[in-house]
Structure formats: C-alpha cells, structure tokens
Amino acid sequence: MALMYGRRPPKNAPALTFASFLRAAAAPAHPAQEDYLVTLPGWQLLGNDVAGDCNAVTWANMRRLVTASLATEYYPTQAQVWKFYQTQNPGFDPTGTKDTNGSGSDQDQGMDVQTGLEYLHSTGGPDGVKAVAFAKVDHTNVDQVKAALAIFGGLWLGVQVLAANQEEFHEGKPWTDVRGSPIDGGHAILGGGYGTDIKFITWAQETEFAPSFWNGVVQGTPLVEEAWVVIWPEHLGTKGFEEGIDQPQLAADYQAITGSPLTLS
C-alpha cells in the first residue's frame, strides 16, 4: 500500500538557529543511545494514508510526545489535524472527493514546514497551544542533534523520500540511501531518538534512518532538508531547558529576527 507525503519545498526564510543559543558545555548529558518514542504505543496515521497532511500529523505527534513527557498526555484528534492542515489548504474538505475538494484534489497541496511553525507561534495550534519559538538545527552535526533531542525530546524533520524507502518501510527496515532510487516525495516526520540510526515516527509506526540516508544527497539535494526544534510552553523551566539553553542569547536572537521581545514565562 502506497502512503502519502505532503511536505512542500522549504521556503528558507530567516529563522533562529539552535546552535546560537545552545549552551553546549552545559547541555544535558545524553547517553550513547536514546529512544523517546518507544514508550508511547498507538501512533496514528491521522489521514496521511489518503491526504498530504504529513506536516499536520507531525504537529499532532510532537504535541503528544511533549505532553506525555512533561505534562498530561494529549494526542490531537483527526479533526484538529485537518484544521491545522487547512491553514495552508483552506479549500480542502476531508469529506470531499478527488474530483472536488477532498484528498487527491487540487485543494490537497501539502504544507510548508516553516510556514506551519510560524502559524503555531503566532496563532497557536488547534489544541489552543502556541509555540514559544522554533529554530533550525544543523542535522549534519550529530552532537547538536543529540543535544536537541536531550533538551526537547523531538525534532521536526523535513526529508526527501526515495521510492525504495516505501519498500523498506513496509519491510520494517531502516531507511537507506538506495543508489538509483528516485525521489518519491517530500515528507515531514517526528524524530525522537538516536543510536547508530536516527529514530522517527511516520505513518503510525516507529522506524529509523540509517546513516546513509541521514547523510545522503540525491541530485544535489540532501535527503534531510530540514530539522527544527520547537520550544513549547511545557519546556520552560525544565532541567534540560534551564541547563542547555542560553536564554539571554535566545531572547537577543529572537529580537533580531522578529523585532519583538521574547516572553519566556
């Protein structure tokens, strides 16, 4: 069974960078391997088997992970996922058809990750929670990736999926950079662990990126195009955030990017 994607090409607008406000020397110690996803069973497809709502599903999966780890678990509903999806596809109707305005129609056009993050920061998600801020992570810097996961528990990832990766997914194998396999689509997913491979959730299952995929380049384009941390209200005051984040630097960077002061409370 072919599954759907839905990540638009990155717009690469100015954004905070995680490395700028990471207190690397004081970042929480992290073990050689960690899996923040494994304790949460019952991940859901949330429509990504029929529509290009992977970015909205990533929002729901991240909110579930953050609330389960730091508060009371809340998994956004299918209706809330559609609502977030409609912020970039206002004409989309999940009850519509391919020939009208439903899945597979001209109104089902996926989402840009950064635009979605900007919306969550400015307006808040359908669960009523606003992102405090968000920042780019250099996925090629493994120590930075591990520090980001140790502090925030998850990474919002944007990748290019090869046709062969669908086969690997259905066979329960880690995704690899398969020579000669064409790019099948852009995809947004939740990263939530590491070891030899980077662990992530997609299409309601946990799987992994092998190093060849994580570091892979096809036709001049990295297979991993985007990696973001999102600062949610639940992160504020946690041990990891207090120790690992240079908050004055974060506030200064935020002011420089947005022209507004950052409220960390």
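The values are calculated or read from the model by the stated rules, or taken from the named source; none is laboratory data. Quantities reported herein were computed from a predicted structural model and do not represent experimental measurements. Cβ placement follows ideal geometry from the backbone for every residue including glycine, while neighbour counts extend to all protein chains displayed. Note: areas computed on protein heavy atoms with side chains; ligands, DNA, RNA excluded. Shrake-Rupley method; radii C 1.70, N 1.55, O 1.52, S 1.80 Å.
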Open item on the list: At 1.4 Å probe radius, can you tell me the per residue accessible area of the chain in Å²?
Closed with: 42 Å²
TODO: Would you mind calculating the gained length between residue 39 and residue 258 on full extension (0.36 nm times residue separation, minus the Cα-Cα distance), in nm to one decimal?
DONE: 75.2 nm
- [ ] Quote the Stokes-Einstein diffusion coefficient, in whole µm² s⁻¹, for segment 2-138, based on the Kirkwood radius over alpha carbon pairs, a temperature of 25 °C and a viscosity of 0.890 mPa s.
- [x] 149 µm²/s
- [ ] Taking each pair of different alpha-carbon atoms in the chain once, compute 1/r for the pair, average those values, and report the inverse of that mean as the Kirkwood hydrodynamic radius in Å to one decimal.
- [x] 18.6 Å
Task: Surface share of carbon and sulfur [accessible, 1.4 angstrom probe, percent] for segment 35-127 - done: 51 percent
Task: Solvent-accessible ranking of 198, 183, largest area first, probe 1.4 Å - done: 183, 198
Task: In Å², nearest 10: area of residue 81 left accessible to a 1.4 Å probe - done: 0 Å²
Open item on the list: Please report the net charge: other residues with Cβ closer than 9 Å to the Cβ of residue 188, K and R +1, D and E -1.
Closed with: 0
Task: Percent of alpha-carbon pairs separated by more than 19 Å within segment 63-175 - done: 62 percent
- [ ] Please compute the net charge surrounding residue 43, taking Lys and Arg as +1 and Asp and Glu as -1 over other residues with Cβ under 12 Å from its Cβ.
- [x] 0
Task: Protein accessible area in segment 143-265, 1.4 Å probe - carbon and sulfur % - done: 47 percent
Open item on the list: What does the charge count around residue 253 come to, taking other residues whose C-beta lies under 14 Å from its C-beta (Lys +1, Arg +1, Asp -1, Glu -1)?
Closed with: +1
TODO: For residue 123 and residue 204, calculate 0.36 nm times their separation in residues minus their Cα-Cα distance, and state this gained length in nm to one decimal.
DONE: 26.5 nm
- [ ] For segment 144-183, count the residues as N, evaluate 2.2 N^0.38 Å, and divide the Cα radius of gyration by that value, please.
- [x] 1.49
